[in-house]
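Worksheet for the structure shown next.
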Amino acid sequence: MSVVKDNATAACGIVPASVQGEIERFLYLEARLLDEGDYDSWLVLLAPDIHYWMPIIENRMRGDPIGTYGPDRVAYFDDTLDDIKRRVARFQSRTAWAEDPATRHIHVISNIEVEAGEKPDEVVAHSIFINYRNRGERDEDILYGRRRDLIRRRSGSWLLARRRILIAQNVLLAKNINTFL
Amino acid sequence: MKALEQAKHRANGGRSQAAALYDDKNCSVDRRMFWDEEIYQEELDRIFHRCWLFVAHESQIQEPGQFVSTYMGEDNVLVVRQSDRSIRVLVNSCTHRGNRICHAELGTARNFVCNYHGWSFGLDGRLLGMHESEAFENTPNFEFKDFGLSTAARVSTYKGLVFATFDPSAPSLEEYLGDYTWYLDILLDNDDGGTEFLPGTIKSVFRCNWKLPSENSTGDALHAGWTHDSGVRAMLGTGVAPGFGTDSYQININGHGWQCNFDYPLGNAASFGDKRILSYLKERRDVVRRRLGALRVNMLAAVSSAGIFPNFSFLPGQSTFRVWHPRGVDEVEMHSWVLVNKNAPPEVKDAYRKGVMMTFSPSGVFEMDDGENFEFSTRTVRGAEGRRRPIYYGLSRGSKIKHNELPGNVYRGQINDANQRAYFRRWADFMSAETWSEVPDR
């Protein structure tokens with residue numbers, strides 16, 4: 001894959017096993033809160049300056065220098081904290097008809113690798129996810145993807161400060177993405 | 001076709017029965033048109049193989065060799081900028097064994113080479129050569145010129161939008177659009193520099209019949225205040241007042257529709273909740289008024305929606321354009337883009353990019369409530385009892401008016417099924433006409 005500009009932060013070597021464990025617990029907690037639709041608790045895990053980005057993936061030839069994704073193209077998410085809060089406001093609205101009855105979500109998180117970040121209180125975490133959604137009687141959507149996060153320690157807690165989500169699908173094989181990944 | 005259907009078809013002098021599925025007198029639609037596979041196959045021939053279909057914006061293919069891959073009905077086509085800067089539309093299927101030739105959705109090419117036997121085609125679709133070409137050259141009666149790619153019969157542009165048709169007897173694009181261009185100009189010609197699509201196409205799948213989202217965009221203002229209440233509240237902090245104002249209209253021309261509201265001239269743009277866009281629109285009001293007149297300046301970003309027959313939809317103000325490509329009778333692949341003025345400041349373009357993403361995209365707070373309605377309006381109409389019940393499109397019958405400035409068929413009141421009736425009337429026109437000469441002006 002060609003090199004592209006994005007919201008990356010360079011990774012700078014390994015972290016102690018204890019930090020690896022803390023980050024794994026952080027990511028599993030986050031996944032469970034999203035499964036439960038507990039968005040208020042989930043928002044507490046986000047840094048005020050978060051950039052939450054899920055670009056579209058273009059189906060280009062390998063030799064195409066432009067690359068399969070990039071920051072100037074349309075995206076599924078390219079959010080600040082305020083944008084995310086607006087999405088949460090809809091999920092929590094009583095008139096979000098397409099969320100009632102609720103979608104059943106399973107966020108499976110795996111392949112977690114944690115590296116030291118550029119700053120002493122930051123780490124870069126790589127992970128993959130399977131997002132399984134089931135709605136109503138037999139509606140089913142599955143997304144697989146890879147994430148790279150910048151996670152920051154603030155007063156003893158970890159906060160998600162950057163997330164880049166790359167899914168494997170070109171055509172989104174679903175009508176919507178009614179969750180966070 | 002089943003034997004019984006074939007017999008009926010012959011009894012009807014070879015004419016399609018499908019047109020009867022729209023009952024203009026009772027303003028009702030037979031649910032069969034949303035689930036019947038035979039009707040769908042007829043649609044591919046009678047609608048998608050005849051109509052002018054949107055295939056690209058010129059900004060997507062600026063340099064010779066640049067191409068985008070898209071669909072005309074279920075035919076995958078390549079829209080290619082030629083070395084003389086004209087545009088050709090090639091069917092992306094090898095003339096040898098039928099294989100797909102180009103597997104990228106966009107890019108720049110010198111030629112297109114099939115992976116199967118190395119057949120190579122020029123940007124204009126001509127067969128240039130192949131693997132083991134000598135064997136073909138020595139084959140009696142084999143002529144390279146007989147094996148060029150199939151192409152659209154005609155390609156034409158209107159102010160940046162590229163359309164194509166497979167039917168050589170189709171009228172010109174200008175005739176096809178008719179006076180609808182007066183409305184299109186609001187979005188395409190409100191600035192000297194013209195328009196462009198921002199980079200990137202969102203593609204997603206709806207398990208619904210293609211006509212449901214298409215007719216929705218052309219006239220269903222009714223659903224906005226109800227279906228999208230949660231989206232409006234998320235973006236603006238308040239819901240939509242019932243009644244929707246009084247100075248509102250539906251307009252249709254040849255099955256193309258536009259519905260809008262003059263009480264809220266910035267209503268659609270306001271749904272982005274982004275001050276940069278509202279300031280941009282306010283700053284440009286005088287320029288746009290001089291260009292388009294006092295009426296149209298208030299239609300640029302009003303509470304509105306629009307569609308070009310058969311499956312090209314857009315939302316003025318929210319500036320998203322989309323095509324509902326059919327994928328069988330009960331599935332749609334939606335492709336959508338963001339349209340901006342080329343000369344708009346970069347921060348305004350980015351605000352549109354983000355605004356569309358927040359509202360009308362798969363993660364958008366509006367679009368998320370649309371999909372399930374389209375899907376279940378398709379799925380629940382198949383039962384033996386359900387299919388007997390026609391669908392009602394009679395809202396605000398008798399609201400047609402004469403208007404001194406708005407061209408086309410004008411109806412008072414946005415809360416109206418007038419444009420959807422016109423859409424299905426047009427559908428019936430194409431399904432019953434054997435040739436283009438039988439398709440009336442509407």
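Bear in mind that the values in this text are calculations on the coordinates, not laboratory data. Quick caveat, the model's predicted, so the values are computed rather than measured. No Cβ is skipped: glycine too gets one built from the backbone with ideal geometry, and neighbour counts run over all protein chains shown.
Name the residue from B:Thr181, B:Ala384, B:Phe374 whose Cα lies farthest towards the positive end of the charge dipole of region B:178-438, charges +1 on Cβ of Lys and Arg and -1 on Cβ of Asp and Glu.
B:Ala384
Taking 8 Å as the Cα distance limit and 6 or more residues as the minimum spacing, I'd like the relative contact order of region B:209-311 as a percentage. All intermediate terms of the calculation are to be shown ahead of the outcome.
Numbers: 130 pairs, mean separation 38.1, N = 103.
Relative contact order, region B:209-311: 37 percent.
For chain A, what is the calculated [θ] at 222 nm in deg cm²/dmol (nearest 500), taking -39500 (n - 2.57) for each run of four or more DSSP H residues and dividing by its residue count?
Value at 222 nm, helices only: -6000 deg cm²/dmol.
Quick check: residue separation of B:Ala153 and B:Leu44 times 0.36 nm, minus the Cα distance between them. What number comes out in nm?
37.6 nm
Along the charge dipole of region A:1-149, Cβ charges K/R +1 and D/E -1, which of A:Ile128, A:Val19, A:Gly67 sits furthest on the positive end?
Positive-most Cα among the choices belongs to A:Gly67.
Could you work out the mean count of beta carbons from other protein chains within 10 Å of each residue's beta carbon in B:222-229?
Partner Cβ neighbours, averaged per residue: 2.
Taking amide hydrogens as modeled 1.01 Å from N in the peptide plane, which residues meet the under 5 Å criterion relative to B:Ser305, leaving out close sequence neighbours?
It is B:Gln259, by chain and number.
Taking H as built 1.01 Å from N, whose amide H comes closer than 5 Å to the amide H of B:Thr151, not counting residues under 5 places away?
Residues meeting the criterion, in which the H sits 1.01 Å from N, are B:Val91.
Mind checking the dipole of the protein assembly as shown: about its Cα centre, +1 per Lys or Arg Cβ, -1 per Asp or Glu Cβ, Debye to the nearest 20? Before the final figure, lay out the partial values.
Details: 77 positive and 84 negative charges, 170 e Å.
For this selection, approximately 820 debye.
As a footprinting exposure proxy, order B:Lys203, B:Lys211, B:Lys145, B:Lys342 by other Cβ within 10 Å, with the fewest listed first.
Lowest count first: B:Lys145, B:Lys342, B:Lys203, B:Lys211.
Only Cα pairs under 8 Å and at least 6 apart count here; give the relative contact order of chain A as a rounded whole percent.
Relative contact order here is 26 percent.
About the Cα centre, and with charges only on the beta carbon of Lys, Arg (+1) and Asp, Glu (-1), how big is the dipole of region B:178-438? Nearest 20 debye, please.
260
Pairing rule first: another cysteine's C-beta must sit under 4.7 Å. Under that rule, which cysteines of chain B stay single?
B:Cys27, B:Cys51, B:Cys102, B:Cys208, B:Cys260
Taking beta carbons within 10 Å but only from partner chains, what does the mean come to for residues B:94-105?
1
Find which of B:Leu315, B:Phe197, B:Ala351 sits farthest along the positive direction of the dipole of region B:178-438, computed with +1 on the beta-carbon of Lys and Arg, -1 on that of Asp and Glu, about the Cα centre.
So the residue furthest toward the plus end is B:Leu315.
Tell me, B:Trp52, B:Trp182, B:Trp119 in order of fewest to most beta-carbon neighbours within 10 Å?
Fewest-to-most ranking of B:Trp52, B:Trp182, B:Trp119: B:Trp182, B:Trp119, B:Trp52.
Quick one: order B:Lys159, B:Lys402 by neighbouring beta-carbon count within 10 Å, fewest to most.
Working: B:Lys159 13, B:Lys402 6.
Least to most surrounded, the residues fall as B:Lys402, B:Lys159.
Amide H of A:Phe77 versus every other amide H placed in the peptide plane: which residues, excluding those fewer than 5 positions away on the same chain, fall under 5 Å?
Hits under the 5 Å cutoff: A:Met54.
Given the options A:Glu115, A:Glu58, A:Glu137, which has the most mean-square fluctuation in a GNM of chain A, springs set between C-alpha atoms less than 10 angstrom apart?
Most flexible of the set in this elastic network: A:Glu137.
Counting each DSSP H run of 4 or more residues in chain B as -39500 (n - 2.57), what helix-only mean residue ellipticity at 222 nm follows after dividing by all residues, to the nearest 500 deg cm²/dmol?
Dividing the helical sum by the residues of chain B leaves -8000 deg cm²/dmol.
Take the residue pairs A:Lys85/B:Lys282; B:Lys159/B:Lys342; B:Lys203/B:Lys282; A:Lys175/B:Lys275; B:Lys159/B:Lys211; A:Lys85/B:Lys211 and return only those whose Cα atoms are more than 23 Å apart.
A:Lys85/B:Lys282; B:Lys203/B:Lys282; A:Lys175/B:Lys275; B:Lys159/B:Lys211; A:Lys85/B:Lys211
Rounded, prolate or oblate, given the Cα gyration tensor of chain B, with a/c below 1.5 counting as rounded?
Values: a/c = 1.87, a/b = 1.25, b/c = 1.49.
Verdict is oblate for chain B.
Counting pairs of alpha carbon atoms under 8 Å apart in space and at least six apart in sequence, what relative contact order in percent does region B:178-438 give?
So the answer I get is 31 percent.
In debye, nearest 20: dipole of region B:186-298 around its Cα centre with unit charges on the Cβ of K, R (+) and D, E (-)?
Charge dipole of region B:186-298: 160 debye, to the nearest 20.
Please work out whether region B:303-442 counts as rounded, prolate or oblate from its C-alpha gyration tensor, where a ≥ b ≥ c are the square roots of the eigenvalues and a/c under 1.5 means rounded, while otherwise a/b larger than b/c means prolate and anything else oblate? Provide the component values of the computation, followed by the final result.
Values: a/c = 1.77, a/b = 1.28, b/c = 1.38.
Oblate, because a/c is 1.5 or more while a/b does not exceed b/c.
Please grab the % of Cα pairs in region A:17-167 that end up more than 18 Å from each other.
For region A:17-167, the fraction of Cα-Cα distances above 18 Å is 64 percent.
Need one word for region B:53-156: rounded, prolate or oblate. Basis is the Cα gyration tensor (sqrt eigenvalues a ≥ b ≥ c); a/c below 1.5 gives rounded, then a/b vs b/c decides.
On the way: a/c = 2.00, a/b = 1.86, b/c = 1.07.
Here region B:53-156 falls in the prolate category.
If you average the C-alpha positions of region A:39-96 and of region B:371-424 separately, how far apart do those two centres end up, in angstrom?
The two parts, judged by their Cα centres, are 35 Å apart.
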